[in-house]
Amino acid sequence: MRRAGGIAGVAVLLGGAFFLGLFLTRTQAPESATVAAVRPPPATPSERQPTLIDAVRRELGDSYYRSVSPKVLAVPTIDGILEALGDPNTDYLTAPEYESLKNRTARSYLGVGLTVEPARAGLLVTSALRGPARQAGIRPGDVIVRIDGRPAGTLSLEQSLAFIKGEKGTFVRLTIRRPNKIVKHFTVMRQEIAVPSLRTRLFTYRGTKLAHARLLAFREDTSTRLREATERLVARGASGLVLDLRDNPGGLLAQAVRTVSIFLKKGVVCTTGGLHQEQVVYEVSGRAAHPKLPLVILVNGASASAAEIVAAAFQDHERAVIVGRHTFGKASVQSIKPLWNGSALKLTTATYLTPSGVDLSEGGVRPQVRAFDRPLTRRDEALHAAARALLRTVS
């Protein structure tokens, strides 16, 4: 087992919302943290990758987080092998799906500006950024049931996202169903959508100034921006902070650790390990800038991976009150293996545990205070619940 105060060599890449993929990615060697842990493909398919299925078999044998039986590897198709694994987070990505994946930590992307999560009938819209979909009239609470005529409920998440995204100036037809059962059809032009990672503001709740930081993704500069924004808000009189991780699909594990390190002096953030990965314990690093600032973490069912790591670390160390709905429950680490034809294999290479040793795949992070926002109301009920909980901790 190896302990790490920093996290050189590890990157967590999680799609969520409009770049929802729900997986963690880490590098295989101690290199600087990168957005995606990938290995260059072989020079030619004839040298080391004679067929795609042989490439998949080799990667599973070399890197999968647990042993794979010869019976599974002997299945004659890639889809059959992956189905036999029984692992929803290990998947074969076509070339377009892989290209979509590689863009998910970018500051902008080509699409329609919706934040979504999986739903039984398709994709549930949880928020709409400023962009063409919101302008067309699509709103939180809508369920996308068809994409260019294809039933969204029969598509994988990767397929759905690949069909929605596309070249700037092209159109996508989206059929949505509202909570009142009304069905509407929209034709939306794809545009370049700016992807914010952090929004902050100062607000007054029952006469007390509080800070609200909405953290939408863990990018390379997220922890620095959060620390600087928190300092400004505290200087303006904020007595506590609501760290809002709703709809946060994750991002870089380094930034998750550094985010925890802003508010926690010492302690374990998470532990990772697998059959081909040595166990590594990640601890807070650096000097905590705000170790005593009253803190509430706001989460929902689309808070996943790196966002869950942060919430669980604060909960286990009793540093913050967790408010909202239980999180997605994503506790496995994935790596992306490019294949010679432009496609890729996304496979589980490790799992992670919270500081107390909990596997979050068994139910996610459970809030101490349950609350949820009703998408069709103007008031943010979950944020109000978070503010109430924060007020109780402010001396």
Does region 284-293 contain at least one residue that is touching a Lys or Arg at 6+ places or on another chain (Cβ under 8 Å), under 19 Å from Leu353 (Cα atoms) and part of a strand (DSSP E or B)?
no
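Could you check how many residues of region 330-370 are assigned to a loop (DSSP other than H, G, I, E, B) and either modelled with pLDDT of 90 or more or open to solvent by 40 Å² or more (accessible area, probe 1.4 Å) (or both)?
Qualifying residue count, region 330-370: 16.
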In region 131-179, anything open to solvent by less than 10 Å² (accessible area, probe 1.4 Å), among the β-branched types (Val, Ile, Thr) and not in a strand (DSSP E or B) is listed as Ile138
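In this structure, does Ala311 turn out to be among the hydrophobic types (A, V, I, L, M, F, W, C) and open to solvent by 10 Å² or more (accessible area, probe 1.4 Å)? Please lay out each step first, then the result.
Numbers: among the hydrophobic types (A, V, I, L, M, F, W, C): yes; open to solvent by 10 Å² or more (accessible area, probe 1.4 Å): no.
Spelling it out, it is not the case that Ala311 is among the hydrophobic types (A, V, I, L, M, F, W, C) and open to solvent by 10 Å² or more (accessible area, probe 1.4 Å).
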Among Thr224, Thr204, Thr271, which is more than 26 Å from Arg388 (Cα to Cα) and out of contact with any Ser or Thr (no Cβ under 9 Å at 6 or more places or on another chain)?
Thr224
The lone condition Thr187 fails out of (1) touching a Lys or Arg at 6+ places or on another chain (Cβ under 7 Å); (2) crowded, with 18+ Cβ neighbours inside 10 Å; (3) polar (S, T, N, Q) is (2)
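So which residues in region 52-86 are in contact (Cβ under 8 Å) with a residue 40 or more places away in the chain and either open to solvent by 20 Å² or more (accessible area, probe 1.4 Å) or in a helix (DSSP H, G or I) (or both)? Reasoning before the result, please.
We begin by selecting, within region 52-86, every residue in contact (Cβ under 8 Å) with a residue 40 or more places away in the chain; these are 52, 55-56, 59-60, 62-67.
Within region 52-86, Leu52, Ala55, Val56, Glu59, Leu60, Asp62, Ser63, Tyr65, Arg66, Ser67 qualify.
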Please work out which residue is modelled with the lowest pLDDT, limiting yourself to region 200-230 and to residues that are in contact with a helix residue (DSSP H, G or I) (Cβ under 9 Å, 6 or more places away or on another chain), closer than 19 Å to Ala311 by Cα and of a type in the set (Lys, Arg).
Arg219
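The values are calculated or read from the model by the stated rules, or taken from the named source; none is laboratory data. The structure displayed is predicted, hence computed values, not measured ones. Note: ideal-geometry Cβ built from the backbone for every residue, glycine included; neighbour counts use all protein chains shown. Ligands, DNA and RNA are excluded from the accessible area calculation, which covers all protein heavy atoms including side chains. Shrake-Rupley method; radii C 1.70, N 1.55, O 1.52, S 1.80 Å.
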